[in-house]
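The values are calculated or read from the model by the stated rules, or taken from the named source; none is laboratory data. Computed from a predicted model, the values in this text were never measured in an experiment. Methodologically, a virtual Cβ is constructed for each residue, glycine included, from the backbone with ideal geometry; neighbour enumeration extends over all protein chains shown.
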Ligand SMILES: Cc1cc2nc3c(=O)[nH]c(=O)nc-3n(C[C@H](O)[C@H](O)[C@H](O)COP(=O)(O)O)c2cc1C
């Protein structure tokens with residue numbers, strides 16, 4: 001499989017970074033290829049400019065997309081699977097990744113008319129979302145937040161752009177949580193196996 005990893009964490013010294021590195025080890029172990037977009041490291045611009053907004057809001061297919069957006073779209077179309085890795089910030093993706101969706105999921109690429117060939121994003125085999133979270137899974141279930149995160153990431157952002165979709169929350173990983181270290185190995189093993197079996 002060719003796997004495109006879209007990674008968003010502001011710090012190199014983080015649990016999420018360890019998870020990312022372990023996931024990559026799993027991919028390499030299984031002989032998968034990967035491309036990585038490290039959004040903070042790339043300083044990926046997340047605010048739309050006015051030209052981009054007009055292209056999207058007025059459905060102007062003929063307007064070109066910016067170069068950095070085009071590169072991300074090419075990465076997607078060269079891949080079989082897309083993997084998003086990030087820490088949950090305020091029950092959603094970090095703003096850096098939200099901006100990536102705003103800019104990269106363009107009209108004519110990720111949405112818009114499909115039957116006349118004007119939606120150029122390839123349908124990927126798999127979409128995998130791996131996020132770290134300070135709260136427990138029980139908390140996410142009890143509060144309904146798990147359902148809302150699944151709906152937004154899987155049913156809306158990924159939707160039919162991928163054939164199979166999965167959201168994995170690595171729970172209780174914030175520094176205030178005493179079980180952060182206890183959960184560490186279990187989470188690392190899990191992502192390794194997710195990578196091998198992607
Ligand atoms: C700005 C900010 C907002 C966060 N919001 C949430 C949240 O809404 N829910 C949650 O479970 N964890 C939240 N966290 C915790 C992170 O998702 C994450 O699990 C934890 O920081 C992982 O550790 P790492 O930064 O070492 O990778 C937040 C952390 C930050 C810095």
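Overview of results
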read-out	value
Hey, residue 189 without any contact (Cβ under 8 Å) to a residue 12 or more places away in the chain, farther than 15 Å from residue 84 by Cβ, in contact with a helix residue (DSSP H, G or I) (Cβ under 9 Å, 6 or more places away or on another chain) and more than 11 Å from the ligand (Cβ to nearest atom) or not	yes
Within segment 152-166, tally of residues that are within 16 Å of the ligand (Cβ to nearest atom) and surrounded by fewer than 18 Cβ atoms within 10 Å (Cβ to Cβ)	1
Residues of segment 18-35 satisfying the condition of being within 15 Å of the chain's Cα centre (by Cα) and surrounded by fewer than 17 Cβ atoms within 10 Å (Cβ to Cβ)	35
Which numbered condition residue 146 misses (of (1) free of Cβ contacts under 8 Å to residues at least 40 places away in the same chain; (2) surrounded by 12 or more Cβ atoms within 10 Å (Cβ to Cβ); (3) more than 17 Å from the chain's Cα centre (by Cα))	(3)
Residue match in segment 119-128 (condition: within 16 Å of the ligand (Cβ to nearest atom), modelled with pLDDT of 95 or more and within 14 Å of the chain's Cα centre (by Cα))	no
Flag if residue 86 is in contact with a helix residue (DSSP H, G or I) (Cβ under 7 Å, 6 or more places away or on another chain), at pLDDT 95 or above, within 21 Å of residue 195 (Cα to Cα) and within 16 Å of the ligand (Cβ to nearest atom)	yes
Test for residue 43: is it surrounded by fewer than 14 Cβ atoms within 10 Å (Cβ to Cβ) and more than 24 Å from residue 181 (Cβ to Cβ)	yes
Test: residue in segment 161-170 that is at pLDDT 95 or above and assigned to a helix (DSSP H, G or I)	yes
Residue 2 vs. criteria without any contact (Cβ under 8 Å) to a residue 24 or more places away in the chain and either closer than 30 Å to residue 187 by Cβ or within 15 Å of the ligand (Cβ to nearest atom) (or both)	no
Condition met for residue 97 (within 20 Å of residue 4 (Cβ to Cβ) and either modelled with pLDDT of 95 or more or not in a loop (DSSP other than H, G, I, E, B) (or both))	yes
Wholly enclosed helices (runs of 4 or more DSSP H) of segment 6-77 bearing at least 1 residues without any contact (Cβ under 8 Å) to a residue 24 or more places away in the chain, at negative phi and within 16 Å of the ligand (Cβ to nearest atom)	15-29
First in segment 87-100 and more than 17 Å from residue 72 (Cα to Cα) and touching a residue at least 60 places away in the same chain (Cβ under 8 Å), second anywhere and part of a helix (DSSP H, G or I) and within 6 Å of the ligand (Cβ to nearest atom), Cβ under 9 Å, 6 or more apart	87/15; 87/16
Matching residues in segment 129-140 - criterion: being surrounded by 12 or more Cβ atoms within 10 Å (Cβ to Cβ) and either within 12 Å of the ligand (Cβ to nearest atom) or assigned to a helix (DSSP H, G or I) (or both)	130, 131, 132, 133, 134, 135, 136, 137, 139, 140
